Amino acid sequence: MSKIDVAIIGASGYTGGELMRLLINHPKVNIKYVTSRKNEGVDVSALHPNLEDVDLQFSNPEPTQVDADVVFSALPHGASMKLVPQFLDNGSKVIDLSGDFRFSDPKVYEKWYNIEHIHPELEAVFGLPEINRELIKDADLIANPGCFPTGAILSSLPIVENELVDRIVIDSKTGVSGAGVNPSQTTHYPVCADNIKPYAIASHRHTPEIREQLHNFGSGDVKVSFTPHLVPVTRGILTTNHSFLKDDVSAEDVYNLYAEYYKDEPFTQVLKDNKLPLLASVRGSNNCQIGAISVDDVGQLVVIAAIDNLVKGASGQAIQNMNIMFGFDEKDGLRNAGLFP
């Protein structure tokens, strides 16, 4: 198959930069458009200095002028839904990295994002390959999962599907890049350095996304709570998954369950010897590492997962979805290991 043409809409941010970083080494991709309203005509290296040798400039075409096989929409929530229908009408497949199409019920989106959904008629496939690979193959519109839900769902699926627990508490620590490229008081260095800050306590908008996907497995009635914390690192999400086992099950049994469940997954790695996942081990890669599976003396199960929020949590997963949609090797463009140390 000849190379496909790719458009990255909203390429000036971190996810747009990661898409370019990964796609320039993809053997079957030609990056045709990288768009930015504010930076039209500017070399991409002016905003993404790691891409100094990439001969691309930001452009600002009208949506109707974008002629590409696949469009990655890296626009903010609310902005993406305005343009996605036009890209679909152009005949492009679309992978949306915002939250605009992640929910089966648009009213859930409107409640948690406080934005009116103007295209509730569009149906997207939730783009987590570990659960929806067959649906992704034939999809025209993919809703790329959120970064927190990716680690939360992957760390929960085996125990939910096998009905080992009925309540899960997710505690996630995220790097500052998860807040996006635009600085704020929260991400100002003196505020976030040497500090750990919980936020959106009991109200984070990724909560319903985690719940909806996990409710599709097992008995469908597992209760999920979620609290994120901002930590002073650039990349990565470390998820600690707490639950109480309904029956007497050993940590070794749970580890073996996870190892069997993910044995054929190219990017979800249950660590040998149940080692501890590290942010440094997945940085820059599309891997989700799971390990340190433990059961304490009162039956609490703990599962640890680590991802790079910008790769498996965003751009890398989007490329993984693209590979599935076009029948490429799922690892194309994503074969790099994590950057340790």
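The values are calculated or read from the model by the stated rules, or taken from the named source; none is laboratory data. Everything numeric here is computed off the predicted structure, so don't read it as measured data. Please note: Cβ atoms are built from the backbone with ideal geometry, for glycine as well, and neighbour counts cover all protein chains shown.
Among L154, L75, which is the only one that is buried (at least 16 other Cβ atoms within 10 Å of the Cβ) and in the same structural domain as D221 (by TED's automatic domain parsing)? Steps first, answer last, please.
Values: L75 fails: in the same structural domain as D221 (by TED's automatic domain parsing).
The unique qualifying residue is L154.
Only one of the numbered conditions (1) under 26 Å from V231 (Cβ atoms); (2) among the β-branched types (V, I, T); (3) more than 16 Å from the chain's Cα centre (by Cα) is not met by I307, and that is (3).
Any residue at all in region 256-268 that is modelled with pLDDT of 95 or more, more than 22 Å from N132 (Cβ to Cβ) and hydroxyl-bearing (S, T, Y)? For region 256-268, residues modelled with pLDDT of 95 or more, more than 22 Å from N132 (Cβ to Cβ) and hydroxyl-bearing (S, T, Y): absent.
For every residue, the table says whether it meets (1) surrounded by fewer than 13 Cβ atoms within 10 Å (Cβ to Cβ); (2) modelled with pLDDT of 95 or more; (3) under 23 Å from G178 (Cα atoms).
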{"position": "K93", "(1), (2), (3)": "no, yes, no"}
{"position": "E110", "(1), (2), (3)": "no, yes, yes"}
{"position": "E116", "(1), (2), (3)": "yes, yes, no"}
{"position": "P120", "(1), (2), (3)": "no, yes, no"}
{"position": "F126", "(1), (2), (3)": "no, yes, yes"}
{"position": "I131", "(1), (2), (3)": "no, yes, no"}
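Note on region 227-341: enclosed helices (runs of 4 or more DSSP H) holding 1 or more residues that are closer than 29 Å to R21 by Cβ are 279-282, 316-325. Among the residues of region 319-337, not a single one is over 28 Å from A143 (Cα atoms), surrounded by fewer than 16 Cβ atoms within 10 Å (Cβ to Cβ) and among the hydrophobic types (A, V, I, L, M, F, W, C). A single member of E116, E40 is under 30 Å from I201 (Cβ atoms), part of a loop (DSSP other than H, G, I, E, B) and either over 21 Å from the mean Cα position of the chain (by Cα) or of a type in the set (V, I, T) (or both), and it is E116.
Where in region 132-206 are the helices (runs of 4 or more DSSP H), entirely inside, with at least 1 residues that are over 30 Å from D248 (Cα atoms) and touching a residue at least 12 places away in the same chain (Cβ under 8 Å)? So that I can check it myself, show each step before the final result.
Details: elements: 147-154, 157-161, 189-192.
Result: 147-154, 189-192.
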